[in-house]
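Pasting a structure below so you can have a look.
The values are calculated or read from the model by the stated rules, or taken from the named source; none is laboratory data. It should be emphasised that the depicted structure is a prediction, and the values quoted were computed from it without experimental measurement. Using ideal geometry, Cβ is built from the backbone for each residue, glycine included, and neighbour counts are taken over all protein chains shown.
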Amino acid sequence: MEIKTLCILLMFVGIAVAVKNRMEKGMAGGIFDSAKPKSIPQDVVESALVKFESMRARLEGRYGRSLTRPSVTQVKVQVVRGLMYHVTIIAGLSPTPKESKSVRPEVQKDFFECHIKVWSQPKMNSESSLSLKAQDFSITKDCQASDIKDEYRDLFDKFLMTFKREYRQNDGTNEYEYRYSVFVQNMLTVEMFNQFEQGTAKYGPTKFADMTEAEFRKLQSGPLKKTGIKKQAAIPQGPVPEEYDWRTHGAVTPVKNQGMCGSCWAFSAIGNMEGQWQIKKGELISLSEQELVDCDKVDGGCEGGEMSDAYEAIIKLGGAMSEEKYPYRGENEKCKFNMTDVRVKINGYVNISKNETEMAGWLAAHGPISIGINALMMQFYFGGIAHPWKIFCSPDSLDHGVLIVGYSVKDGEPYWIVKNSWGKDWGEEGYYLVYRGDGTCGLNLDNTSCIVD
């Protein structure tokens, strides 16, 4: 009897091991979680998101409310003829109902999730070439509204304490619950960014984690046009140094904070001018961004601008005043420019190069570079080398002005050292480390510098 029992137990163990092995190998017909999320092909996630966006209008019509940025929260894999990816996408429902005749109970929900299948299959008569197609989905059968997720409540309360936020509760405004809903949507985005990050960057609840995407975009310049500057910089010939950092050469002022004003363009241009003046004249002066916000009549002050226009404005004004004489206030005010207080003059400006090797060579020889970048990933950036997929950080959507002050390599990963203008309590002491070599987030498309004779 004991031998029989032992044999039965061994049989069950054998079955369990066989099932486990078959799952690990991809048992045909079985659906299983991807053990390595970063191994999911980028085009699979992109196909699912594109399919979702194609249905956005119908989804909003059904729920009578606008949808937030979607987040991919799970990808499961099924072995068929090829692979079937089961992608779960969650989006939030905006708190303000759109004009709609819908009276469905779902409109009272905070989120909904959709399940989209993406089929990767061998092309006809070819086992090595694959075709990829996101399957059509039903907004009634494959999408389901759900209530707010409570598992982030403790993290939200910790966030409120850390950043000294106070939101009203039980006064009819539901301000606390609204901000918690925004926070949850953002944490789902954070998890997606962390899941598919190609570099070492980490994302989390930064000081912007309770802001909607629209609110966060007010910190940026708005759409930047790829530089129209015709004069090209002369690119140095010869070997490019392996690394270079203008902070160690005294050409970079401390990290500043633009506040809730969309004046990043002014900080980027002024940072470049500060560096060029120090390199040419031997004096590092903290210059006035507020002068550009108030006195540059081509750009929009706190509503955004262009770095090339900023150079032109400084030339026409007659120079840049110091921050001490014209301090930053973070709002549009009457121009208070005083020619007698000018500390720095520039003589022109140049476009540099879209080639990142040439950019590095120019930077090492001549100084920090003013650039435009897609800031989408920056809202939740904690630190590390950021190397996001292009579907999350399109190079065609430049909306933020920053300053490249150097470059280096860490554990084989080349990266740019980017000075931001959101204070030292953001990112790596106010800096953004971005992968160097493939035009990440479009940082190579709008890079310029002023000229100091």
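Is one or more of the residues making up segment 283-297 at positive phi, out of contact with any strand residue (DSSP E or B) (no Cβ under 9 Å at 6 or more places or on another chain) and modelled with pLDDT of 95 or more?
The answer is no, given that none of the residues of segment 283-297 is at positive phi, out of contact with any strand residue (DSSP E or B) (no Cβ under 9 Å at 6 or more places or on another chain) and modelled with pLDDT of 95 or more.
Can you tell me which residues in segment 130-170 are under 24 Å from V184 (Cα atoms), touching a strand residue (DSSP E or B) at 6+ places or on another chain (Cβ under 7 Å) and in contact (Cβ under 8 Å) with a residue 60 or more places away in the chain?
C143, A145
Table: residues versus (1) of a type outside the set (G, A, S); (2) more than 22 Å from Q220 (Cα to Cα); (3) touching a residue at least 60 places away in the same chain (Cβ under 8 Å).
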| position | (1), (2), (3) |
| --- | --- |
| V252 | yes, no, yes |
| A269 | no, no, yes |
| G282 | no, yes, no |
| L287 | yes, no, no |
| S308 | no, no, yes |
| K316 | yes, yes, no |
| K325 | yes, yes, no |
| G330 | no, no, yes |
| Y349 | yes, yes, yes |
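Could you give me the residue pairs with C-beta distances under 8 Å whose first residue belongs to segment 184-206 and is β-branched (V, I, T), whose second residue is assigned to a helix (DSSP H, G or I) wherever it lies, and which are 6+ apart or on separate chains?
Final answer for the pair search is V184/Y152; V184/F156; T189/F380; V190/F380; T206/Q379; T206/F380.
Is it the case, given these coordinates, that M359 is under 23 Å from D425 (Cβ atoms) and not in a strand (DSSP E or B)?
no
Residue by residue, here is whether (1) surrounded by 16 or more Cβ atoms within 10 Å (Cβ to Cβ); (2) touching a helix residue (DSSP H, G or I) at 6+ places or on another chain (Cβ under 7 Å); (3) small (G, A, S) holds:
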site	(1), (2), (3)
F156	yes, yes, no
F163	no, no, no
Y167	no, yes, no
E175	no, no, no
Y180	yes, yes, no
Q185	yes, no, no
L188	yes, no, no
Q195	yes, yes, no
A201	yes, no, yes
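Hey, among E213, E242, which residue is farther than 30 Å from S66 by Cα, surrounded by fewer than 17 Cβ atoms within 10 Å (Cβ to Cβ) and out of contact with any helix residue (DSSP H, G or I) (no Cβ under 7 Å at 6 or more places or on another chain)?
E242
Being among the β-branched types (V, I, T), more than 27 Å from S131 (Cβ to Cβ) and at pLDDT 90 or above is the filter here; which residues of segment 66-108 pass it?
Within segment 66-108, just I90 meets the criteria.
Kindly indicate whether any position in segment 160-172 is at pLDDT 95 or above and within 19 Å of K149 (Cβ to Cβ).
Yes; the residues of segment 160-172 include at least one that is at pLDDT 95 or above and within 19 Å of K149 (Cβ to Cβ).
Tell me whether segment 299-309 contains one or more residues that are of a type in the set (S, T, Y) and touching a helix residue (DSSP H, G or I) at 6+ places or on another chain (Cβ under 7 Å).
No, segment 299-309 contains no residue that is of a type in the set (S, T, Y) and touching a helix residue (DSSP H, G or I) at 6+ places or on another chain (Cβ under 7 Å).
Related question: Go through segment 38-54 residue by residue and tally those that are at pLDDT 90 or above and buried (at least 17 other Cβ atoms within 10 Å of the Cβ).
Going through segment 38-54 one residue at a time, the tally reaches 8.
Which residues, taken from segment 332-347, are without any contact (Cβ under 8 Å) to a residue 40 or more places away in the chain, of a type in the set (V, I, T) and crowded, with 16+ Cβ neighbours inside 10 Å?
If the condition is that a residue be without any contact (Cβ under 8 Å) to a residue 40 or more places away in the chain, of a type in the set (V, I, T) and crowded, with 16+ Cβ neighbours inside 10 Å, then V342 is the only one that fits.
Also: Tell me, which strands (runs of 3 or more DSSP E) wholly within segment 366-453 include 2 or more residues that are at pLDDT below 95 and of a type in the set (A, V, I, L, M, F, W, C)?
Answer list for segment 366-453: none.
Filter segment 272-292 for residues that are assigned to a helix (DSSP H, G or I), crowded, with 18+ Cβ neighbours inside 10 Å and not polar (S, T, N, Q) and give the result.
Hits for segment 272-292 are M273, E274, G275, W277, I279, E289, E291, L292.
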